[in-house]
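Please treat every number below as a calculation from the coordinates, not as lab data. Please read all numbers here as calculations on a predicted model, not as lab measurements. Note that each Cβ is placed from the backbone with ideal geometry, even for glycine, and that neighbours are counted across all protein chains shown.
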Amino acid sequence: MADAILMLAGVLILLSILFSVLRLILGRTLVDRVVAIDTLTVISLSLVALYAHLSGRFVYLDVALVYGLLSFLAVLAVARFLERGR
């Protein structure tokens, strides 16, 4: 049962990657593309967490935490840049 749930989680992560990449390509504005990139970082964080669980090496969760913090700071910087105007 747990294997089926983990497999379903992997499939859902891959589908969300596909939809986010489509939003990145088809986004009309710069804000759409920034949101798509932020979504891809959140998806990659969940992928790292899933891999950490499957491999049993929970040190990857620390990597995911640092990556999430850096991603958050990058989105704040881009939002501040967009707020001032290009």
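Numbers at a glance
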item	result
Charge-dipole axis of the chain as Lys and Arg at +1 and Asp and Glu at -1 on Cβ define it, positive-most pick from LEU14, TYR60, ALA79	ALA79
Footprinting exposure proxy for ASP32, ASP38, ASP3 (fewest neighbouring C-beta atoms within 10 Å first)	ASP3, ASP32, ASP38
Relative contact order (percent, whole number), the chain, Cα cutoff 8 Å, 6+ residue spacing	23 percent
Dipole magnitude of the chain about its Cα centre (Cβ charges: Lys, Arg +1; Asp, Glu -1), debye to nearest 20	380 debye
Average silhouette area of the range 2-84, convex hull of alpha-carbon atoms, in square nanometres	5.8 nm²
